[in-house]
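Each remark here refers to the structure printed beneath this line.
The values are calculated or read from the model by the stated rules, or taken from the named source; none is laboratory data. Just so you know, these numbers come straight off a predicted model, no measurement behind them. All Cβ positions, glycine included, derive from the backbone under ideal geometry; neighbour counts span all protein chains shown.
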Amino acid sequence: MVLKKDVFIASCVLLLYFFACSQKEGRITLNPKNGTKTEVISRKDCDTSSLRTEAKILYMRDSYEEAILIYDKLISYDSTNGEFYYNRGYCLAQINRDFEAINDFLKSISFNYRLASCYKNLGLVYDAGLNDKQKAEEYFIKFLEIEPGDKVVRDLLRNLRKDEKEVDL
């Protein structure tokens with residue numbers, strides 16, 4: 001069964017790679033002198049697309065170390081993409097590289113990428129990974145400011161505040 005799963009995953013990677021590379025990805029630029037439009041297609045876009053796919057598959061297989069290497073490469077291509085920092089941060093947190101994970105989640109926040117999820121993950125890292133209840137509480141509160149109806153994080157925060165019965169924001 002494992003072999004079939006690996007063959008399936010490898011086939012998906014190849015199909016997605018070929019599909020991504022066959023698509024025209026680019027942008028339209030306008031020449032200010034004569035007003036003509038030019039489509040610019042970057043090979044990097046194709047490389048990035050296939051690397052994203054590979055990283056997601058590695059993540060799904062719990063191959064966090066390998067996925068981190070791919071996200072490192074993606075960040076070297078585009079250091080302004082919050083998604084790459086978020087995903088690498090999540091992988092880092094899964095293998096208890098907590099301080100690196102924190103840095104990546106904070107970097108992702110600086111790009112306004114998945115703010116609520118970043119705050120939640122920061123709370124989890126500070127709580128479970130570093131046992132810093134005060135920082136965990138701070139980030140869970142920030143999460144709840146964005147997602148006030150989330151019962152899971154309310155329960156996490158309630159557990160942090162053992163003396164309180166309800167979370168008041």
Answer with yes or no whether Ala116 is small (Gly, Ala, Ser) and surrounded by fewer than 15 Cβ atoms within 10 Å (Cβ to Cβ).
-> no
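Taking Gly129 as the residue in question, decide whether it is at pLDDT below 95, touching a helix residue (DSSP H, G or I) at 6+ places or on another chain (Cβ under 9 Å) and either basic (Lys, Arg) or not assigned by TED's automatic domain parsing to the domain that holds Thr53 (or both). Quick ask: steps written out before the conclusion?
On the way: at pLDDT below 95: yes; touching a helix residue (DSSP H, G or I) at 6+ places or on another chain (Cβ under 9 Å): yes; either basic (Lys, Arg) or not assigned by TED's automatic domain parsing to the domain that holds Thr53 (or both): yes.
Considered against the rule, which asks whether it is at pLDDT below 95, touching a helix residue (DSSP H, G or I) at 6+ places or on another chain (Cβ under 9 Å) and either basic (Lys, Arg) or not assigned by TED's automatic domain parsing to the domain that holds Thr53 (or both), Gly129 comes out as yes.
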Inspect all residues belonging to region 95-109 and state whether any of them is within 20 Å of Glu65 (Cα to Cα) and of a type in the set (Gly, Ala, Ser).
-> yes
Name the single residue, out of those in region 92-107 being closer than 14 Å to Cys118 by Cβ and of a type outside the set (D, E, K, R), that is surrounded by the fewest Cβ atoms within 10 Å (Cβ to Cβ).
-> Leu106
Residues of region 56-91 satisfying the condition of being at pLDDT below 95, under 11 Å from the mean Cα position of the chain (by Cα) and closer than 18 Å to Tyr113 by Cα | Lys56
